[in-house]
1. Does ALA273 satisfy the criteria of being assigned to a helix (DSSP H, G or I) and surrounded by 14 or more Cβ atoms within 10 Å (Cβ to Cβ)?
2. Please return the ranges of helices (runs of 4 or more DSSP H) entirely within segment 11-124 where 2 or more residues are modelled with pLDDT of 90 or more.
3. Just the residues that are crowded, with 17+ Cβ neighbours inside 10 Å and among the aromatic types (Phe, Trp, Tyr), please, taken from segment 396-430.
4. Which members of segment 315-349 meet the condition of being surrounded by 13 or more Cβ atoms within 10 Å (Cβ to Cβ), part of a helix (DSSP H, G or I) and away from ligand 2 (no atom under 16 Å from the Cβ)?
5. Of the numbered conditions (1) surrounded by fewer than 22 Cβ atoms within 10 Å (Cβ to Cβ); (2) on the phi > 0 side of the Ramachandran plot; (3) in contact with a Ser or Thr (Cβ under 9 Å, 6 or more places away or on another chain), LYS297 satisfies every one except a single condition; which is it?
6. Out of (1) in contact (Cβ under 8 Å) with a residue 60 or more places away in the chain; (2) away from ligand 1 (no atom under 14 Å from the Cβ); (3) more than 27 Å from PRO4 (Cα to Cα); (4) not basic (Lys, Arg), the odd one out for VAL68 is which?
7. Which of the numbered conditions does LEU137 fail, given that it passes all the others? Conditions: (1) in contact with a helix residue (DSSP H, G or I) (Cβ under 8 Å, 6 or more places away or on another chain); (2) away from ligand 2 (no atom under 16 Å from the Cβ); (3) at pLDDT below 95.
8. Are there any pairs with C-beta distances below 9 angstrom linking a residue in segment 12-24 that is closer than 10 Å to LEU55 by Cα to a residue that is among the hydroxyl-bearing types (Ser, Thr, Tyr) and surrounded by 17 or more Cβ atoms within 10 Å (Cβ to Cβ), with the two at least 6 apart or on different chains, and if so which?
Amino acid sequence: MPPPLVAIVGRPNVGKSTLFNRIVGRREAIVSDIPGTTRDRVIAVTSWDDFTFTLVDTGGLEPFPQDVMRDQVREQVQMAVDEADCIVFLVDTAEGVTLMDEEIAQWLRRTSKPVVLAANKVDNPRRELLVPDFYQLGMGEPVIMSAYHNLGLEDLMLSIQEMLPDAGFEADEADGPMRLAIIGRTNVGKSALMNAILGQHRAIVSDVPGTTRDALDTHMEYEGEPVTLIDTAGIRRPGSVKQGIERYSVLRSVQAVQRCDIALLVMDANELATSQDAHITGLAWDAYKGIIVVINKSDLLPGDVGAREMAVQRVRRVLHFAPYLPICFTSALEVTGIHDLMRTARATYEERTQRVTPPELVRAMRQALAKNPHPSRKGKSILLEAVRQVDTNPPTFIFAVDNPSLVHFSYQRYLENHLRQWFGFTHTHLRLVFKRRT
Ligand code: GDP
Ligand code: GDP
């Protein structure tokens, strides 16, 4: 099960971003820093004690920055209602109940999703007296808290966990089919691509009963290998879709990415790599997922090689933090490039599930150290004593070191690149963990 999605909603300035940062804090979290978004961090996979979840600050998603404030807030609430497993409705105790709070409450009352009302900015006991005011929102008893002063977070997290009794505790996922998530903005051709993948090779589609979350998954075989397609285009909610505006439900994609092995990030050849694309790619990257950029509608590109070359350059520029993503060109309409895409996916999957032999790993490591030993830092030398591959998908390596905290980031990257070259991990992000030798 992927970590449940917890979304913070509320009007501007109630403290959503402060709360987000407080919860994610300095914990070891998977956070994507997204260029182009108004806030540094809006989505993170994080944990509180044993409880792992994805936290979203909807205030930072800015789906339609050009909209007036009310529409923006409404859109953020709608996204949360559509995609989250639990919604934290944040209000500002110092300000009291505002019209906008009432409106948000009205929107939230229509959902059957669990909502936790949290009264923020209760910085001192005097402010506590103001909290009962919020009962009139009809959202139950508010959790009393102050994000700024780090008060009441424990209570808030408990309330969230009570709402999600079964979720968030990681179960080991058995080896199954390769799971591909098809993500991207509206109208880039996700549905068409899905059909092209399903149609062309007489894919065998099977029905495997699952939870509601994976109700939209399609199970098939491609060249004799099982594949699960996680579709994010399938759900259309006419009521919540404005005509003629590009929509990209980042939240839906977040969930799909958490569940997949490889994310197929579909783009329109005529409108490449937006900040939202960078956003979701960053998240998949930080979660060590496989990622393939699919430039669809390639039939609309001029026929010369230059056009493709330019498209690749543009994608690489926007997604500079993920330098070795494979990029495939497809036309779902003309059913071209599909085979190449599926082969790239398979090759990436094979890399991700590759297990290298211990002696070869030792050899690779020796050579890396001989070529470029870790420079000493703060007067201390750094000894890498052993390395082990402890997991696949993503390939995960543990290095035993005498001083893990002194291993420089650039040296980690050097070791990663060395392993990538040595073992042919061409397209996959490796996870390197440095631990004190025991
Ligand atoms: P957002 O727009 O909802 O994301 O709100 P922010 O997190 O940006 O916070 C808006 C303002 O409220 C900032 O100046 C915060 O420092 C402040 N703030 C956030 N939480 C608290 C709190 O618990 N107490 C007080 N007094 N101020 C807070
Ligand atoms: P989705 O919203 O991402 O699922 O996009 P759709 O699959 O619904 O496609 C959106 C529009 O783009 C439709 O009109 C498709 O016919 C068109 N389209 C999809 N793939 C291609 C393609 O490869 N080439 C061209 N020219 N049009 C395409």
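1. no
2. 16-24, 99-109
3. Matches in segment 396-430: PHE397, PHE399, TYR411, PHE423, PHE425.
4. So the first thing to find is which residues in segment 315-349 are surrounded by 13 or more Cβ atoms within 10 Å (Cβ to Cβ), and the list is 315-316, 318-319, 321-322, 324-333, 335-349.
This time we only want the ones that are part of a helix (DSSP H, G or I), so: 315-316, 318, 338-349.
Matches in segment 315-349: VAL315, ARG316, VAL318, ARG343, THR344, ALA345, ARG346, ALA347, THR348, TYR349.
5. (1)
6. Exception for VAL68: condition (1).
7. (3)
8. Close Cβ pairs satisfying both conditions: ILE23/THR46; VAL24/THR46.
The values are calculated or read from the model by the stated rules, or taken from the named source; none is laboratory data. As the structure is a prediction and not an experimental result, all values here were calculated from the model. All Cβ positions, glycine included, derive from the backbone under ideal geometry; neighbour counts span all protein chains shown.
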